[in-house]
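**Q** The following block contains the structure, expressed as structure tokens.
The values are calculated or read from the model by the stated rules, or taken from the named source; none is laboratory data. Small disclaimer: the values here were computed from a predicted structure and weren't measured. With ideal geometry, Cβ positions are generated from the backbone for all residues, glycine too; neighbour counts draw on all protein chains shown.
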Amino acid sequence: MKIGNIVQNYISERVLPIWCIFLLDIFIVAISVLLACLLRYEFTSVFSANSVLGKATLWIVLVNMVFFRVFHTYANVLRFSSFVDIMHIVVSLTISYFLLIAASLVCEIGFDYEFIPVSVLIISYVFTFAIMAGMRVLIKILYEYMNFDGQHGTNVFIFGTREYGVDIAKSIRSKAHYKYRLRGFISSDPVFIGKVIMGQKVYPYDDELISVLIEKNVRSVIVTPYNMDKLKDTNFTDKLLTHNIKILIIPNLSEWNTDKAHGINQLKELQIEDLLQRDPIQIDMHKIASHLEGKRVMITGAAGSIGSEIVRQVASFNPYNLVLIDQAETPLHDIRLELQSRWMEIEAETIVADISNATRMEQIFKQYRPQYVFHAAAYKHVPMMEDNASEAIQNNVTGTRILADLAVKYKTEKFVMISTDKAVNPSNVMGCSKRICEIYVQSLAKKLEHDGNKTTQFITTRFGNVLGSNGSVIPLFRKQIEKGGPVTVTHPEIIRYFMTIPEACRLVLEAGSMGNGGEIYIFDMGKPVKILDLAKQMISLSGRSDIQIKFTGLRHGEKLYEVLLNDKEHTKPTYNEKIMIADVREYDYDDVKEKIGELEEVTYTYDQMKIVEKMKELVPEYVSKNSVFEQLDHKEGQ
């Protein structure tokens with residue numbers, strides 16, 4: 001084997017044993033003493049019989065061996081040497097030579113005996129540090145040079161010059177097999193622009209940046225967390241994607257902070273969900289914990305996208321037990337396995353049941369007597385419910401009524417119902433069914449308050465679309481893009497509010513903890529998103545240029561935009577600026593109960609027109625859109 005291959009093999013693959021590094025450092029100390037004596041004395045006198053070389057070498061080596069052991073200067077992997085390792089060397093050498101210089105001065109002044117000349121010690125100290133530190137830096141440089149595959153490494157810029165940007169750059173430099181080659185930094189901070197970090201120039205975040213990236217053949221830009229807003233608020237993302245420049249981000253900050261050495265492996269390509277997310281919402285964790293810790297908690301719809309996330313978040317607050325209810329057998333089994341894997345200490349019952357089955361629900365409440373109920377079970381797909389009005393009422397309304405009544409009967413402390421923005425000025429069966437649920441729960445809460453019954457508090461939470469939920473537009477677009485298109489958008493002007501599933505569930509938990517009964521809480525959904533723009537961005541992110549967008553027309557019951565409040569409603573603030581209380585019209589419980597009873601009876605005729613006509617009597621603001629039920633509105637208007 002050639003010498004060059006041997007060197008490369010050791011530098012790139014193997015790690016020298018610590019005893020080899022220890023002996024190498026001792027050899028450096030000895031060589032430094034020799035160089036110091038040669039510099040201090042004439043060449044011929046250094047090797048004379050009465051030379052200080054032998055004595056100096058012996059004592060300097062012995063003392064340094066002791067402090068090398070104390071500070072473990074030899075324990076690091078040379079090719080990964082860092083500033084910390086250099087500091088260990090500085091401290092070890094400084095203490096060693098300080099003691100030797102002190103001993104030399106004591107011998108000379110106190111005993112008139114020349115131990116080791118101070119000049120030799122000082123020169124040796126400088127040589128030793130320079131060679132030890134220089135050797136480590138040289139090996140690090142050789143390692144990077146010999147292991148970098150310039151042909152296959154992707155040229156990258158890092159958008160960010162502070163902590164995360166430098167950490168990413170270090171992680172890129174430390175990998176044994178390079179995926180990326182750092183070509184520069186991007187910054188919007190004028191303090192850093194034009195400066196050099198780790199040998200690479202910092203470029204301004206301006207209109208000329210794209211041309212710089214193209215000139216340097218940059219294929220990816222790594223964006224640090226502190227610069228994510230730049231991607232959301234400008235057309236910078238579109239410009240990058242237009243020129244086939246990928247955008248990489250850190251998906252999990254907590255994991256990055258605990259494993260920076262391997263952080264480069266955590267980078268992922270930007271997804272549309274990352275662009276739609278807002279700043280993290282701050283919630284009162286202690287207050288939520290005080291409400292849920294040690295409590296018996298029931299969650300309906302526990303296998304759904306919202307319900308399953310509520311399960312995860314509630315489990316983290318150490319409840320006494322969990323009672324999980326859903327009709328969907330397979331996803332409920334999946335959440336059961338997840339609980340057994342992640343929260344083995346929590347007693348959890350997974351029950352396949354229909355919430356509209358009064359006998360079954362009564363048996364469950366009687367057996368488990370939940371103190372907290374999160375009611376997330378509902379049929380939610382607008383076009384499906386437009387064609388199945390009877391099922392929308394029997395599941396959403398009847399199921400909610402049964403659960404709410406049982407919560408009162410079995411003295412549940414809090415009942416938190418998940419509603420939707422489609423319940424405001426409803427234009428479809430699904431939205432109206434959820435509005436009826438709100439009316440029943442709120443009127444029941446007011447009745448209990450009037451009767452002096454403060455045992456059960458009913459809280460309603462209302463929010464818009466959640467990213468990645470079952471049946472939402474983003475998974476649909478993603479599948480359509482994977483198939484080569486077209487991407488179907490119902491209308492070029494349609495807009496929607498979006499919120500992430502964890503974000504929505506955290507707000508649900510906090511609203512539940514702050515509620516006193518009867519409130520309808522609405523969440524700050526941020527700015528609405530135009531669905532056409534969403535589709536275009538997802539196509540750009542996919543890197544495809546051949547995907548067409550097709551307009552299919554509004555679906556039954558669909559409207560161009562959703563609102564969170566009725567026109568006649570207004571809001572009151574809470575201590576969390578992201579959560580407001582809707583000031584809504586109040587209903588008489590006895591009247592509501594009678595009308596809902598009549599509505600439920602009509603559903604068993606399965607006459608769609610009669611069912612919807614009854615719904616409109618109960619919710620006068622329900623005006624159908626793009627639906628066969630529009631004729632009922634025209635009839636009323638005659």
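**Q** Only one of (1) buried (at least 17 other Cβ atoms within 10 Å of the Cβ); (2) at pLDDT 80 or above is not met by Asp167, so which one is it?
**A** Just one mismatch for Asp167, condition (2).
**Q** Taking the criterion of being surrounded by 24 or more Cβ atoms within 10 Å (Cβ to Cβ) and outside any helix (DSSP H, G or I), would at least one residue in segment 446-454 satisfy it?
**A** no
**Q** Here's another thing I want to ask about it. Are there helices (runs of 4 or more DSSP H) fully within segment 268-351 with at least 3 residues that are surrounded by fewer than 17 Cβ atoms within 10 Å (Cβ to Cβ)? List them.
**A** Result: 285-292, 329-342.
**Q** Among the numbered conditions (1) in a helix (DSSP H, G or I); (2) more than 22 Å from Ser624 (Cβ to Cβ), tell me where Ile459 comes up short.
**A** Result: Ile459 fails condition (1) only.
**Q** Quick one: in segment 403-414, of everything that is part of a helix (DSSP H, G or I) and either out of contact with any Asp or Glu (no Cβ under 8 Å at 6 or more places or on another chain) or hydroxyl-bearing (Ser, Thr, Tyr) (or both), which residue is surrounded by the fewest Cβ atoms within 10 Å (Cβ to Cβ)?
**A** Looking at residues that are part of a helix (DSSP H, G or I) and either out of contact with any Asp or Glu (no Cβ under 8 Å at 6 or more places or on another chain) or hydroxyl-bearing (Ser, Thr, Tyr) (or both), I get Lys409.
**Q** Another one. If you go through segment 255-265 one residue at a time, do you hit one that is at pLDDT 85 or above and buried (at least 17 other Cβ atoms within 10 Å of the Cβ)?
**A** The answer is no; no qualifying residue exists.
**Q** Counting only residues that are at pLDDT 85 or above and surrounded by fewer than 17 Cβ atoms within 10 Å (Cβ to Cβ), give me the helices (runs of 4 or more DSSP H) lying completely in segment 1-107 with at least 3 of them.
**A** Output list reads 18-40, 53-71.
**Q** Within the set of pairs 6 or more residues apart or between chains, which connect a residue that is in the same structural domain as Val191 (by TED's automatic domain parsing) and under 18 Å from Ser188 (Cβ atoms) inside segment 204-218 to a residue that is outside any helix (DSSP H, G or I) and hydroxyl-bearing (Ser, Thr, Tyr) with Cβ atoms less than 8 Å apart?
**A** Taking only residues 6 or more apart or on different chains, the pairs are Pro204/Ser187; Pro204/Ser188; Tyr205/Ser187; Tyr205/Ser188; Leu209/Tyr203; Val212/Tyr203.
**Q** For the list (1) over 30 Å from the mean Cα position of the chain (by Cα); (2) assigned to a loop (DSSP other than H, G, I, E, B); (3) of a type outside the set (S, T, N, Q), I need the number of the one condition that Val441 fails.
**A** (2)
**Q** How many residues are over 16 Å from Gly431 (Cα atoms) and outside any helix (DSSP H, G or I) if we restrict to segment 595-619?
**A** So the count comes out to 4.
**Q** What number of residues within segment 548-572 are at pLDDT below 80, touching a strand residue (DSSP E or B) at 6+ places or on another chain (Cβ under 6 Å) and polar (S, T, N, Q)?
**A** So the answer is 1.
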